[in-house]
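The values are calculated or read from the model by the stated rules, or taken from the named source; none is laboratory data. Model, not experiment: these values are computed from the prediction. Neighbour counts are summed over all protein chains in view; Cβ atoms, including those assigned to glycine, are modelled from backbone coordinates with ideal geometry. Areas reflect the complete protein model, heavy atoms only, side chains present, ligands, DNA and RNA absent. Shrake-Rupley method; radii C 1.70, N 1.55, O 1.52, S 1.80 Å.
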Amino acid sequence: MARTCCYTPPVSKVLLAPSVLSANFTRLGQSVTAAQEAGCDYLHLDVMDGHFVPNLTFGPGIVSAIKSVSTVPLDVHLMIEQPERFVERFAEAGADIITVHAEATSHLHRLLSQVRESGARVGLALNPLTPLTVLEGALPYLDLALIMSVNPGFGGQEFIQATTLRLETVRRMRDRSNPNCLIEVDGGINKDTAPLAVAAGAEVLVAGSAVFGSMGDVATNIATLREAVARVTDQAGELRG
Ligand code: DX5
Ligand code: ZN
């Protein structure tokens with residue numbers, strides 16, 4: 001069979017992290033339960049402060065409320081300036097993974113240590129044109145590297161195609177310096193772009209509108225994403241075998 005993807009996924013299963021940003025906030029608990037019953041792996045919670053990104057969402061109170069009904073790890077994506085002011089608050093609220101943006105702090109090494117000390121797993125996010133050298137230096141300290149495939153701030157944006165080239169580079173870096181660090185991609189992930197991201201090296205897919213948007217119910221949407229990804233992972237298995 002012709003080799004059509006560059007990398008074989010390093011985890012046996014690609015992880016799905018639905019973003020509740022696109023859920024109906026009047027029925028947040030039901031949305032969370034529906035995603036969990038449909039077999040999601042994480043819940044992705046987008047925290048925005050109106051400064052780092054031009055949008056506002058929620059804080060530790062909502063994270064804590066979601067924690068009370070969650071059965072999967074909470075993947076908290078902090079799109080806030082000076083995240084060092086809030087790390088402990090989100091850890092106490094129940095964040096299992098705290099992902100901070102490299103662009104949001106002047107003291108990244110200190111911040112990553114602070115997240116580690118909070119007890120949460122450590123994630124680092126990069127905006128679409130932030131040089132990957134930042135990530136290269138930080139990789140030994142990370143559990144998760146989040147490559148943004150849109151400009152952060154809003155759900156429902158179009159996947160930036162050049163992200164696949166970045167993912168391929170990140171995958172090589174990760175394999176070299178920290179094989180335990182997961183590679184996550186966030187923004188514009190749907191049944192068409194998910195296979196591209198996985199083929200390029202992504203292992204955790206964040207999806208907001210493709211899971212909670214107006215099309216279909218949550219279980220069907222999650223199944224559709226899994227099927228789209230399975231075509232890539234099955235092919236990778238055949239290539240390995
Ligand atoms: C965007 C957020 C994303 C967002 C993704 O800034 O970080 O997590 O919810 O939404 P979709 O999947 O609709 O692009
Ligand atoms: Zn996000």
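Per residue of the chain, the DSSP helices (runs of n ≥ 4 H) give a summed -39500 (n - 2.57) that works out to -11500 deg cm²/dmol at 222 nm.
Each peptide in 73-85, 175-187, 102-114 receives the mean, over its residues, of other Cβ atoms within 10 Å, and ordering these scores from highest gives 73-85, 175-187, 102-114. Taking 124, 165, 21 as the candidate residues, the one with maximal mean-square fluctuation in a Gaussian network model of the chain, Cα springs under 10 Å, is 165. The ratio of the alpha-carbon radius of gyration of region 40-174 to the globular-protein estimate 2.2 N^0.38 Å is 1.00.
In order along region 114-128, the phi-based Karplus estimate (6.51 cos²θ - 1.76 cosθ + 1.60, θ = phi - 60°) of 3J(HN,Hα) comes to 5, 4, 4, 5, 6, x, 7, 6, 9, x, 10, 9, 10, 5, x Hz; Gly and Pro are listed as x.
Taking all Cα pairs closer than 8 Å and separated by 6 or more residues, the relative contact order of the chain comes to 23 percent.
Projected area of region 115-229, taken from the Cα convex hull and averaged over every viewing direction, in nm²? Average projection, Cα convex hull of region 115-229: 7.5 nm². Across all Cα atoms of the chain, the radius of gyration (one decimal) and Dmax (whole number) stand at 16.7, 52 Å.
Distance between the C-alpha centres of region 89-130 and region 193-241: 26 Å, rounded to the whole angstrom. For residue 204, the residues whose amide H sits under 5 Å from its own are 15, 183, 184, 185, ignoring neighbours fewer than 5 places away on the same chain, with H placed 1.01 Å from N. Quote the relative contact order of region 124-178 in percent (integer), defining contacts as alpha-carbon pairs under 8 Å separated by 6+ residues. With pairs under 8 Å counted, the relative contact order is 38 percent. Normalised by the number of residues in region 1-123, the mean separation of alpha-carbon contacts (under 8 Å, six or more apart) gives a relative contact order of 20 percent. Counting heavy atoms of the protein chains alone, residue 150 has an accessible area of about 10 Å² for a 1.4 Å probe. Taking springs between alpha-carbon atoms closer than 10 angstrom, which of 27, 116, 174 fluctuates most in the Gaussian network model of the chain? Evaluated over the chain, the most mobile residue of the options is 27. Subtracting the Cα-Cα distance of residue 107 and residue 26 from 0.36 nm times their residue separation leaves 25.4 nm of extension gain. Applying the Karplus relation 6.51 cos²θ - 1.76 cosθ + 1.60 with θ = phi - 60° to region 29-34 yields 3J(HN,Hα) values of x, 5, 5, 4, 4, 4 Hz, where x marks Gly and Pro.
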